[in-house]
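**Student:** There's a structure below that I have some questions on.
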Amino acid sequence: MSNNSFKIMLCDDCTGTLAETSAKLKSMGIFTVIRRSDENILINSVRKEKPDIVVADLTSSRADLLRLMKNSENLFDKRPKFIITSDIDNSFIKRQVMDAGAAYFLPEPYNSDELSFVIKSFVTNRHEPFLSDVEFAVTNAIHTLAVPANIKGYHYIRTAVIMSLKKQLMVENVTRTIYPAVAEYYHTTSSGVEKAIRHAIEISWNRVETDAVMSYFGSNFQVYRSHPTNSEYLAAVADKVKLTLKS
């Protein structure tokens with residue numbers, strides 16, 4: 001499916017990034033419409049216009065999005081994918097949203113680049129539609145370590161850890177295995193992946209709570225004068241996720 005045949009519906013509760021996101025998507029050749037998020041209007045708009053993706057905010061929407069997503073098979077002939085944003089970011093909310101049938105959960109704060117990046121990943125079929133237990137655990141881990149969701153490194157770290165767990169890639173040898181695999185997935189370069197991950201780690205290391213660092217890195221975190229290397233960071237997240245899934 002080409003970009004031009006994709007239709008994105010942005011609900012007007014996402015006011016902060018609405019105009020910029022719409023402009024960015026249109027510049028990519030992705031057809032975009034903006035509609036009100038009142039429940040009846042939203043349902044009628046989806047029925048009439050049959051968008052491929054609907055973007056709406058969980059907390060400010062004037063529709064009961066959880067109920068709407070759960071009933072979407074009965075409400076719509078063509079069920080769209082739902083990207084749900086929220087200013088409440090915790091594991092309970094994420095699980096509710098994903099269990100209701102959302103394709104992606106995007107916590108605030110985010111900007112138009114981040115939202116456009118997520119939408120484009122669906123349009124180009126480079127995003128798996130539903131979070132598995134592994135993906136959910138990895139996403140939760142990255143949020144715990146305070147990696148901001150509005151930078152590329154966030155997605156690269158997430159994908160790198162998921163690949164290491166699902167495809168048994170060795171995170172200890174990131175240059176030969178992880179970077180090329182992530183670069184191929186996002187149509188970029190290995191050096192770009194390495195730099196973006198390093199940048200994300202630097203930011204998160206200055207934001208993360210000490211308790212979270214201790215939980216993932218143990219007493220070893222004291223040996224990192226600035227921050228761990230990319231491979232050390234990815235390995236720690238992967239190990240923590242493995243333990244979480246076994247518990």
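Taken together, the values in this text are just the output of simple stated rules run on the coordinates, not laboratory data. A quick note: this is a predicted structure, and the numbers were derived from the prediction, not measured. Quick reminder, even Gly has a Cβ in these numbers, built from the backbone with ideal geometry, and neighbours come from all protein chains shown.
**Student:** In deg cm²/dmol, rounded to 500, what helix-only [θ] at 222 nm does the chain give when every DSSP H run of at least 4 residues adds -39500 (n - 2.57) and the total is split over its residues?
**Tutor:** After summing the helix terms and dividing by residue count, I get -16000 deg cm²/dmol.
**Student:** Could you rank the peptides 103-113, 150-160 by their average count of other C-beta atoms within 10 Å per residue, with the highest value first?
**Tutor:** Sorting 103-113, 150-160 by mean packing, highest first, produces 150-160, 103-113.
**Student:** Could you sort the peptides 84-94, 234-244 by per-residue average Cβ neighbour count (10 Å cutoff), highest mean leading?
**Tutor:** 234-244, 84-94
**Student:** Next question. Could you list, bin by bin from short to long, the percent of Cα-Cα pairs of the chain in 10 Å steps?
**Tutor:** For the chain, the pair-distance distribution reads 7, 31, 34, 20, 8, 1.
**Student:** Enter the angle in degrees (range 0 to 90, nearest 10) between the Cα long axis of helix 152-166 and the first principal axis of the Cα atoms of the chain, meaning the one along which they spread out most.
**Tutor:** For helix 152-166, the angle is close to 70 degrees.
**Student:** Can I ask one more? Do any of Lys78/Lys152; Lys26/Lys50; Lys7/Lys166; Lys120/Lys152; Lys50/Lys70 go past 25 Å between their Cα atoms, and which?
**Tutor:** Lys78/Lys152; Lys7/Lys166, as the Cα separations exceed 25 Å there.
**Student:** Return the sequence-ordered ³J(HN,Hα) values of region 77-94 in whole Hz as given by the Karplus equation 6.51 cos²θ - 1.76 cosθ + 1.60 applied to θ = phi - 60°, using x for Gly and Pro.
**Tutor:** Residue by residue, region 77-94 yields 5, 10, 7, x, 7, 10, 9, 10, 9, 6, 8, 9, 10, 8, 5, 5, 5, 4 Hz.
**Student:** With an 8 Å Cα cut-off and a minimum separation of 6 or more residues, compute the relative contact order for the chain in percent.
**Tutor:** 15
**Student:** Taking H as built 1.01 Å from N, whose amide H comes closer than 5 Å to the amide H of Leu106, not counting residues under 5 places away?
**Tutor:** Ile84, Thr85, Ser86
**Student:** Ranking Arg62, Arg207 by Cβ neighbours within 10 Å, fewest first, what do you get?
**Tutor:** Listed from fewest to most nearby Cβ atoms, that is Arg207, Arg62.
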